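What follows is a single structure, written as structure tokens, with notes after it.
What follows draws every value from the coordinates through simple rules; no lab data is involved. It should be emphasised that the depicted structure is a prediction, and the values quoted were computed from it without experimental measurement. Ideal geometry is used to build each Cβ from the backbone, glycine not excepted, and the neighbour counts take in all protein chains shown.
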Ligand code: M6R
């Protein structure tokens, strides 16, 4: 995915776009570029590298005047990250300039057709094909830019959020979306374009989120006119009041967004409970569940589809749904599910979990499930995201913006929401008693306070990170509810420190991974008192007798594991089913500190992007 930003109005566009690119950099950071209209001509600068590299280049290269401009921060799909493949891209005449987030799948035949008409391409990108297609249509049919964009988009297959303007008519920006997000901020005689609202939050609270297959012409004195790309019907703009605040998208004194987001978890989980978990009244109120209670109670099974960290949250949910509500659950990688002709019936419920709500594989899995008649429930963080809109019902996690590429608060808020769902259904089905239900509610409600305590392990985790930061491999072991946490801990380490790590169910170790154990391979073991404790103690002994080093996550007051382990990190006691919300905290901190000590870019790890809107 990429970040796009644009401005048209009465202010200098450059500082707005540059700041916007920095805020959108979580979406892609292998190259960046800006095109500004200075009143006479387009000034364009782009470069491989980060937005700060672009800023330096611009200072040497172009003037930054003008109140119309577009900018882009890229996560490469077509063509390696280099200066030429960076966006914006000119059309052959130099009149049109475009930025694009997404993929044009049929760009090859379109490119050949345009080449046969004399068009020359300088980059390897699909985007340069699109801008020339628009130019060809515009010139041939002698029509306005908006119409040409519309005709061109009817010829392309793929996904896009685009913004394009014409040097010869510099009073408008044309934007469109299909499968990639696009917001238009509405100011007083000024408009902001962006992949999300963060670039313009200090200028306006009013925004239009384009829906799929919509395009808009944004003109300074005439406002925003929206149409459906395919049938040309006019769409009445729906202006939304934003709930986003500036402090939510700033680091707030932390060195990295990841650390800020790890520390925000108590607050984020309280937000996910607000108005839903009412322990004094012994109630869980979730309208998405309540309104569809019959469906949930009659469901043959629940299928969970997700990717990455959200998939790990799905695994935790599998345990809790089966344990509490006695509903059979299967958890699927969305990327496999979508392509393997799964058996889905109208009596299945599909729960799609996604922080961003934009993950292409998860979206495709939802569409497949819906086409087979299943009821699809979304658990998303980003309000108004594609998945939130595509699903039949859902529950937001209310984690607030997660900017660090490594998911942290998204994971724990997803588990919080899914736990509330499982408890609500368990109560409705009568698989737990009312007194058990009450106890679960009180315990779940206490989790944010307990996370605050778990966060106090930061100093000891940092010392442990210092000892093991140069290890080349790590093993993570957990059982039951904490097996998914072992997977998640390993993923966190891999993605931000580039150290190889594997997560395993602890008992599986003897079926293979034990061969890896020696004095060079640290093992992180989740050994809480309520989760198969004796068995985990045996697993630890097996590792110790092969000279392996153990970092154990233990319950406060633990004795046996502490005696065996080389390092122990204590977390407060809780019910086994809620323990992932606590055990994951030291693992997040461990990966964070190791990555920082190794000098890695924690918030923007190589090759990754915050949400994966391509296959
Ligand atoms: O936005 P989503 O939750 O759908 O994203 C799914 C994965 O791409 C995401 O969880 C990814 O694995 C994270 N980088 C993990 O930290």
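Length available on full extension from residue 559 to residue 169: 0.36 nm per residue minus the Cα-Cα distance, which gives 133.0 nm. Taking other Cβ atoms within 10 Å as a rough exposure proxy, 566, 470 sort from fewest to most as 470, 566. The DSSP beta bridges internal to the chain are antiparallel in roughly 60% of cases.
Placing a pseudo-label 7 Å from each Cα along the Cα-to-Cβ vector at residue 534 and residue 339 gives an inter-label distance of 4.6 nm. Centre-to-centre, using Cα atoms only, region 376-390 and region 280-359 are separated by 13 Å. Could you state the number of Å between the C-alpha centres of region 67-126 and region 415-493? If you average the Cα positions of each part, the centres end up 45 Å apart. All Cα-Cα distances of region 178-290, cut into 5 Å bins from zero to the largest, leave 2, 10, 14, 15, 13, 14, 12, 11, 6, 2, 1 percent in each bin in turn.
Sorted ascending by nearby beta carbons within 10 Å, beginning with the fewest, 72, 520 become 520, 72. Judged by the mean number of other Cβ atoms found within 10 Å, the most tightly packed of the peptides 51-63, 162-174 leads the ranking 162-174, 51-63.
If you bin all the Cα-Cα distances of region 456-603 at 5 Å, starting from zero, the percentages per bin are 2, 11, 22, 26, 22, 12, 4, 1.
Cα centroids of region 137-196 and region 549-579: how far apart, whole angstrom? Their Cα centres are 55 Å away from one another. If you plug the beta carbon distance of residue 281 and residue 246 into 1/(1 + (r/R0)^6) with R0 = 41 Å, you get a FRET efficiency near 0.70. Rounded, prolate or oblate: which one fits region 252-455, using the alpha carbon gyration tensor with axes a ≥ b ≥ c (rounded when a/c is under 1.5, else prolate when a/b beats b/c, else oblate)? Note, shape of region 252-455 comes out oblate. Gain on full extension, evaluated as 0.36 nm per residue between residue 115 and residue 267 minus their Cα-Cα distance, stands at 49.2 nm. Listed from fewest to most Cβ neighbours within 10 Å, the set 453, 156 follows the order 453, 156. Looking at the calculated P(r) for region 236-363, what percent of the C-alpha pair distances fall above 20 Å? Here the tail beyond 20 Å accounts for 62 percent of pairs. Classify region 155-195: rounded, prolate or oblate, from the alpha-carbon gyration tensor (a ≥ b ≥ c, eigenvalue square roots; a/c under 1.5 rounded; otherwise prolate if a/b is larger than b/c)? It comes out oblate by the Cα gyration axes. Axis of helix 533-544 versus longest Cα principal axis of the chain: the two differ by about 80°, to the nearest ten degrees.
Checking the a/c ratio against 1.5 first, then a/b against b/c, what shape does the Cα gyration tensor give for region 562-615?
In terms of gyration-tensor shape, oblate.
Where in region 349-367 does the label zone of residue 330 land, with the point 7 angstrom along Cα→C-beta and an amide N cut-off under 14 Å? Hits in region 349-367 for residue 330 at 14 Å: 349-351. Distance between the pseudo-spin-label points of residue 143 and residue 291 (7 Å out from Cα toward the beta carbon): 3.8 nm. Based on the inverse mean of 1/r over its pairs of different Cα atoms, what is the Kirkwood hydrodynamic radius of the chain, in Å? About 25.5 Å, per the Kirkwood formula over Cα pairs. With the simple model of a label 7 Å out from the Cα in the direction of the Cβ, residue 371 to residue 383 spans 3.3 nm. Counting only alpha carbon atoms, the long axis of helix 13-24 and the longest principal axis of the chain meet at about 30°. How tilted is helix 580-597 with respect to the longest principal axis of the chain? Cα atoms for both, answer in degrees (0 to 90, nearest 10). The answer is roughly 60 degrees.
Of all beta bridges DSSP finds with both residues in region 252-455, what is the antiparallel percent, to the nearest 5?
Restricted to region 252-455, the bridges split so that about 10 percent are antiparallel.
Counting only the backbone N, which residues of region 81-104 are under 11 Å from the spot 7 Å out from the Cα of residue 61 toward its beta-carbon? Once the point is set 7 Å along Cα→Cβ of residue 61, 83-88 turn out to lie under 11 Å by backbone N, inside region 81-104. Using a Förster radius of 30 Å, what is the FRET efficiency between residue 157 and residue 238 based on their Cβ-Cβ separation? Nearest 0.05, please. That pair, residue 157 with residue 238, gives E of 0.60.
Adding -39500 (n - 2.57) for every DSSP H run of four residues or longer, then dividing by how many residues the chain holds, sets the calculated 222 nm ellipticity at -11000 deg cm²/dmol. With the convex hull drawn over the C-alpha atoms of region 422-506, the volume per residue is 124 Å³. Once R0 is set to 45 Å, what does the formula 1/(1 + (r/R0)^6) return for the Cβ-Cβ distance between residue 449 and residue 202, expressed as a FRET efficiency to the nearest 0.05? The pair residue 449/residue 202 has a calculated efficiency of 0.85.
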